[in-house]
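Only one structure is covered here, and it is reproduced in the block below.
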Amino acid sequence: MDRLEAQEERRRRVRDTVIARGFVRTADLAEEFGISLMTAHRDLDALQAQGWLRKVRGGATGLPSAQFHGSVAERMATMAQTKQQLARAAATLLVPGQTVLLDDSTTCLLLAHQAAEHTPLTVITNSLPAITTLAKEPGITLITLGGAYFPAYDAFMGPHTADAVRAFRADVLFMSTTAVTNGRCYHTSPETVQVKRAMMESAGRRVLVADHTKFTKGGLYALAPLTDFDLLIVDDGLPAEQVRAVRTAGTEVMVVPGRG
């Protein structure tokens, strides 16, 4: 194993350690892996840049927060049944012949699995799992958005991806969000916001698909107010007064059962 391979293998092990334990002190990582404190900091910097974890005072955390979204596996497991219900509801809006934009959210990945039932469709996405799923479908014209690959998101993000989005015009965008606070959507990374804003600008209709727990979470980077979306699809766990507030502000709301 050469030096670069050894570094990648060590960083993978550091990543797995932080995610498994939730929080690890930098000094403990240095001792455990037999590296200097400076090297441990460099490893954590690299893993944070990829979106795997977040550096905090004295160490690093893999726990979700306003500044860190959690791993793909963790997000897939969270509210799984409710997300499936939301994806089914969103799929009823698909019309054969449409051009559809899908973001990298786990909810929209579930929607991608149902797209074959509504073909022909043209689908544009930056989500690698969605790309893999849709590439197998003969009725799907698939347009992939390149850019920098973020392993922790399993998606392409950043300025090049945003520029790629702007080359297209979609009939409808399906998107989720990390958090909704005081009527505004938030995310945990500026790269995510950059791409999702470009998607919103490139779609004729904007549909936000979000389970009710998103309305209790926080995020660091503001994306857009709920009023910028034509439709919110949410489960019945969202209090009725909040549903009324969204509707009163001018966004249509589709409430679906959280369990099938």
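The values are calculated or read from the model by the stated rules, or taken from the named source; none is laboratory data. Computed from a prediction, not measured in an experiment: that's the story for all the values here. Don't worry about glycine lacking a Cβ; one is built from the backbone with ideal geometry, like all the others, and counts go over all protein chains shown. Side chains included, ligands, DNA and RNA excluded: accessible areas come from the protein's heavy atoms. Shrake-Rupley method; radii C 1.70, N 1.55, O 1.52, S 1.80 Å.
Structure above, values below:
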read-out	value
Amide H within-cut-off set for Leu173, under 5 Å, with H built and near neighbours excluded	Leu101, Arg205, Arg206, Val207
Relative contact order [Cα under 8 Å, 6+ residues apart], region 3-62, whole percent	40 percent
Solvent-accessible area, 1.4 Å probe, carbon plus sulfur percent, for the chain	51 percent
Candidates per trypsin sites (Lys or Arg not before Pro) in region 146-233, loop by DSSP, up to 14 other Cβ within 10 Å	Arg166, Arg169
Top of Ala198, Ala249, Ala90 by mean-square fluctuation, Gaussian network on the chain, Cα under 10 Å	Ala249
FRET efficiency for Arg88 and Thr141, using Cβ-Cβ distance with R0 set to 22 Å, rounded to 0.05	0.45
Nearest-0.05 FRET efficiency for His41 and Ala222, computed from C-beta distance (R0 30 Å)	0.50
Peptides 25-32, 100-107 ordered by average Cβ neighbours within 10 Å, highest first	100-107, 25-32
